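> Encoded as C-alpha cells, here's the structure I'll be asking about.
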Amino acid sequence: MLSLLLCDVAMSQVEGVLPTPRKAEKRSGAFSILTTTQITHYSQLRSSALYLSEYLPLLVCNYNADVKGNIVLRVDEKLADEGYILDISADGITIDGGSAAGVHNGIETLLQLLPPQVYSSPLATPVEVPCCRIEDSPRYGYRGFMLDVARTFMSADEVKRFIARLAHHKINRLHLHLSDDEAWRMDIISHPDLARKGGYRGGGSVVAARYGHSDQRYGGYYTQEEMRDIVAFAARRNIEIIPEIDLPGHSHTLSRVMPEVLCRYEPDTRASLGYDTRDALCVAKEENYRLLDDIFRELADIFPSPYIHIGGDEVIASQWRRCPDCQALMRQLGKSDESELQEYFTQRLTSILARYGKRTAVWNEASKGGTLPKDALVYGWESVKACQTAAAKGFQTIVMPGQWFYFDMKQTPREAGHDWAAIFDVRKTLSFNLAEQGFTAEQMQNVVGFEATFFSEIYLSQREKDFDYIYYMTYPRMCALSEVAWSGGGRWESFYPRLRDYHYNRMAAMGINFRLFPPEVKYDEGQLTASSADGADIYYAVAGSDEFVRYTSPVATSTPERYRFKACRGTAFSPEAGVEAAFKHIFPKVAITSSIAESERYPYSGAESYGRISRTSRAADVGDWVLYTFAEPVECRRMEVATGNKQLPRYIFNEGYIEVSYDGVQFERVCNLTDGRGVVESPREAIRAVRVVCTEKGNGARFVTVQAPIVWPEW
Ligand code: ACM
Ligand code: ZN
C-alpha cells in the first residue's frame, strides 16, 4: 500500500514539471538521495555541479564510471545543445545534456522533482526523488525577459535574485534595458558622467524627476565590476545577458548629461519653463559616433553576448527635421525622409559593433529599411504584424507583442499597470500561438524565440508601498511565457492544474510573491459567497476598514457592496473582488479651469470623459492651479484628484496640495499631493469645488495632464 502511494505521488510530481517536457515517462519507485550521495560530473561540468550543490549540499567530484548510486552529470553531444535526458532509477540519477546548457536544463527539472523547500534552503537529506525518464529540449533557442532597470533602478542583488528565479523557469536570455529617457545605468569609464550623473533624478540632478519625488535624489547605476558579477551569475544559470542602450531616441538622460549630442538648433523651451526636453541624438555629428564607439567598446568587453541591443524604437524625427546638420546629411545621402536617417544611424552603429565583434539587435522599427544586416536580431514589440514583417524579411525575430507579453500591462481593469496594449492575465499569455496568429511556415522559421518585458515606469511609483510589485506583475505570466517558448504553448486546461497544484508551491519557496486569481464573489438571497479557483484562503474587509478577516462561510448581509474580498496563499495574493457596486465610482459633471491655458489639441473639456486626454499648454509653475467646479454639489465618501496620466504619475504637478470648497467661495487645504495626486476622505459636506495647487516649478515636460476627479459616492 505504501509503495503504491509513493508511486502515485511520484507520477504526479513528474506530471507537474513546468514548462512541459517533450517526453516524460513515469516509473515506479524512487531514488533516495543520502548524505553520502555525490554529485559527479564530466570535467567541463564543474560549474553545473556546483550550481546543483547550492540546492543539494552534497560532495562534488569528478565522474568515475565505476562508482554507482550517485547523481551524474554528463555531456552527450548527440543531444541538442540545450536538450537533456534526466534518468532517475533506484540506482541513481543521470543527467545527460547536449552541452552545459542542456545539463543546466536537466538540473532545473530535477529541482522541480524535489520538495519545493529545495528553493528556499539547502535540502536536508535523505530525500526521495521519483523514478522517471525525461527526454526534453526546447522548441525555441531564445527564451527571454526584458528588465527595464532604467526607469526604476534595481540593485545588483535584486537583479541577481530576479535572474535566479528566471533560471528556474528555463529562461536563457535577459535583455537588460540599461538606458532610457529617465536614466543611464551602466558606468562607462571613458565617460563617467553618463552613469554617475545620469543614474539619478530629483534633488538637483541633471535629469528632472518625471514621476514626482523631486525633492530627493534617487536612482543608481551599476559599476563595471558589479555588472561583470551579474553577467557571471547569470551565465552559471544558462542566462546570457543582452545589454541595451536605447538609441537614437529615448535618450533624454544622455542629452541632459551631454547636451552636445543634440541637434544644432535653439529649442523653444517656453512650455517646459526653460527645461530642454529633447531626447534624440543628432545623426549628423561625427563626435556622437566617437562617443558611441567608446560606449560600445566598453560594453563589448563586459558582456559576452554576441549581440548588443541598440534600441531604435519610437524616435521623434521632428528634431532631425529642425536641425541644419541633419538636413544637410539627408541631402548629401540623397534621402527624402527622416526615417531614412535612422537607417543611416543604425548602419553606423552596426559597423561600430562589428569592430568589437558584436551583432546588432534592434526594436522592430529599426528593421524597416533595407539596410539592416540579415544577422541582426529584431525584437517585434509593436504588433503581431511587426513580427511577421521582420520574419518575412529574413530577420531572426523575437516575438513579443505587447498584447501578450508586456507584463507591465494590467491584469484586470482595477489593478495597477498600463493598458495601452491590452489588459490580460497568464491565461492570455499562454494562448499565444504563431499559427493561429497567421505566421506562415516561412516566417515561423525565422522566429528564434519569445520575450516578455517589464517596462518599469509604474514600478517606481509602486515601489515604496509594495516592493514585490514586479513579481506580482511578472508571475505567473512568466510561467506561461516559459511554456510558450519551451514547448510551443499548450491548453489552459492542462497547464493551469500543474501551475496551481505544483508550481504555486515552488514559486512560493523561491520567494516569488506571485499574483493569484481574484476570488469569485456572488450575492444571492441575502448571502455573499466567495470561492477561489486557486484553492487559496479568502479574506474580506468591510467598508471603512482595511482589516481583512478570514472568510470561512457565506456572509449574510443586506449591503453586499460594503464587502471586499481577496485571496491569499502564503505571501501571494489576488486583486480585490466583490459585487460590482463595491467598486462603484463616478465622474460627476464638472467644469475645469486653470491658471494655465489648455492645450489646443487636448482641451480641458476632454477630461470629463474618463477615456480621453486633457492637457495644459505648458508645465506648471509655483502657484499655478487647476480648479474643478461641479455642476451640482457632490456628496461622497471619497474623492481623488490627480494630475498626470491615468496609469502612472507622469506629467504631474511634482509638488502641491489640494483644497476643497463647500460653498464655492472659501477653500480649505486638505492634503498634499503624493505622486501628483491626493485624496479627500470623508468630506464633512457636499463638495462644490476642488482645486489643486502647484508648489514647484516644472516637471521635466511640456505640459501637465489634467484628469477629472474620481468620486466614490456615499453608500
Ligand atoms: C517599446 O516598448 N517602446 C519597445
Ligand atoms: Zn541633427
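> Select from Thr20, Tyr651, Gly370 the residue farthest towards the positive end of the dipole of the chain; place +1 on Cβ of Lys and Arg, -1 on Cβ of Asp and Glu, and compute about the Cα centre.
Gly370
> Tell me, what is the 1.4 Å probe accessible area of Trp712, in Å² to the nearest 10?
Its heavy atoms expose roughly 40 Å² to the probe.
> Name the residue farthest towards the positive end of the dipole of the chain from the options Val447, Val103, Ala642, assuming +1 on Cβ of Lys and Arg, -1 on Cβ of Asp and Glu, about the Cα centre.
Comparing the listed Cα positions along the dipole, Val447 ranks first.
> With 10 Å bins from zero, work out the P(r) of region 615-715 over every alpha carbon pair and list the percent per bin.
Cα pair-distance distribution for region 615-715, in percent: 17, 51, 28, 5, 0.
> How much length would be gained if the chain were fully extended between Asp524 and Glu640, taking 0.36 nm per residue of separation minus their Cα-Cα distance, in nm to one decimal? Write out the running numbers ahead of the final one.
Details: separation 116, 0.36 × 116 = 41.76 nm, distance 3.18 nm.
Here the segment from Asp524 to Glu640 would lengthen by 38.6 nm.
> Kindly work out what percent of the DSSP beta bridges joining two residues of the chain are antiparallel, to the nearest 5.
Numbers: 76 of 124 bridges.
Within the chain, antiparallel bridges account for around 60 percent of the total.
> Which aspartates and glutamates, on any chain, are close to Lys26 with Cα under 12 Å apart, when same-chain ones fewer than 8 places away are left out?
Output for Lys26: Asp8, Glu15, Asp87, Glu135.
> Something else about it: Relative contact order for region 465-590: what is it in percent, counting Cα pairs under 8 Å that are at least 6 residues apart?
Values: 187 pairs, mean separation 28.5, N = 126.
So the answer I get is 23 percent.
> Based only on the alpha carbon positions, what is the Kirkwood hydrodynamic radius of region 1-133, in angstrom? Before the final figure, lay out each step's value.
Numbers: mean 1/r = 0.0680 Å⁻¹.
After inverting the mean inverse Cα-Cα distance, the result is 14.7 Å.
> How large is the charge dipole for region 17-127, taken about the Cα centre, if only the Cβ atoms of Lys, Arg (+1) and Asp, Glu (-1) carry charge, to the nearest 20 debye?
Working: 8 positive and 11 negative charges, 42 e Å.
Charge dipole of region 17-127: 200 debye, to the nearest 20.
> Now for a separate question. With just the Cα atoms defining each centre, how far is region 544-573 from region 270-285? Give it in Å.
The two parts, judged by their Cα centres, are 51 Å apart.
> If you don't mind, there's one more thing I want to ask. For Trp420 paired with Asp294, estimate the spin-label separation in nm (one decimal), with each label point 7 Å from Cα along the Cα-to-Cβ line.
For the pair Trp420/Asp294, the computed spacing is 3.2 nm.
> Taking every pair of Cα atoms in the chain, average 1/r, invert it to obtain the Kirkwood radius, and report Rg/Rh to two decimals. Don't jump to the answer; show the numbers that get you there.
Numbers: Rg = 27.9 Å, Rh = 27.9 Å.
With Rh from the inverse mean 1/r over Cα pairs, Rg/Rh is 1.00.
> Note the direction-averaged projected area, equal to a quarter of the hull surface, for the Cα convex hull of region 279-350, in nm². List each step's numbers first, then the result.
Working: hull surface 20.2 nm².
Across all orientations, region 279-350 yields a mean hull projection of 5.1 nm².
> Can you sort Arg321, Arg331 by solvent-accessible area, 1.4 Å probe, largest first?
On the way: Arg321 130, Arg331 165 Å².
Largest accessible area first, the list is Arg331, Arg321.
> Let me check something: with ligands and nucleic acids excluded, how do Val692, Val75 order by accessible area (1.4 Å probe), largest to smallest? Could the numbers behind the result be given before it?
Numbers: Val692 0, Val75 25 Å².
I get Val75, Val692, largest accessible area first.
> For the chain, what is the charge dipole size about the Cα centre, in debye to the nearest 20, if Lys and Arg each add +1 at the Cβ and Asp and Glu each add -1 at the Cβ?
Here the size comes out at about 500 debye.
> Compute, for region 369-433, the length of the dipole vector about the Cα centre, with Cβ point charges of +1 (Lys, Arg) and -1 (Asp, Glu) only. Units Debye, rounded to 20. Let's see the in-between values first.
Values: 7 positive and 6 negative charges, 37 e Å.
In total the dipole reaches around 180 debye.
> Also: Quick check on my link table: of Lys170/Lys385; Lys197/Lys368; Lys522/Lys646; Lys160/Lys566; Lys385/Lys428, which ones sit more than 22 Å apart, alpha carbon to alpha carbon?
On the way: Lys170/Lys385 27 Å; Lys197/Lys368 34 Å; Lys522/Lys646 30 Å; Lys160/Lys566 31 Å; Lys385/Lys428 18 Å.
Violating the 22 Å limit, Cα to Cα: Lys170/Lys385; Lys197/Lys368; Lys522/Lys646; Lys160/Lys566.
> Another one. Any idea which of Ala361, Gly402, Ser599 is furthest toward the positive side of the dipole for the chain, if Lys and Arg beta-carbons carry +1 and Asp and Glu beta-carbons -1?
Ala361
> Counting Lys +1, Arg +1, Asp -1, Glu -1, what net charge surrounds Ser190 among other residues with beta carbon under 13 Å of its beta carbon?
Result for the local shell: -3.
> With a probe of 1.4 Å, find how much accessible area the chain has per residue, and write the answer as a whole number in Å². Could the numbers behind the result be given before it?
Numbers: 28110 Å² over 715 residues.
For the chain, the per-residue accessible area is 39 Å².
> Here is a follow-up. Extending each Cα 7 Å along its Cβ direction at Ala232 and Arg133, get the distance between those two points in nm, one decimal.
4.0
> Kindly sort Phe703, Phe565 by accessible area of their heavy atoms, largest first, with the probe set to 1.4 Å. If you can, show how the numbers build up before the last one.
Details: Phe703 35, Phe565 0 Å².
If we order Phe703, Phe565 from most to least accessible, we get Phe703, Phe565.
> Related question: Karplus couplings for region 420-430 from phi (6.51 cos²θ - 1.76 cosθ + 1.60, θ = phi - 60°), rounded to Hz, Gly and Pro as x?
Each residue of region 420-430 in turn: 5, 8, 4, 10, 7, 10, 3, 5, 5, 4, 5 Hz.
The values are calculated or read from the model by the stated rules, or taken from the named source; none is laboratory data. The structure displayed is predicted, hence computed values, not measured ones. Cβ coordinates were reconstructed from backbone atoms using ideal geometry, including for glycine residues, and neighbour counts include every protein chain displayed. Just the protein is used for accessible areas: all its heavy atoms, side chains included, with ligands, DNA and RNA removed. Shrake-Rupley method; radii C 1.70, N 1.55, O 1.52, S 1.80 Å.
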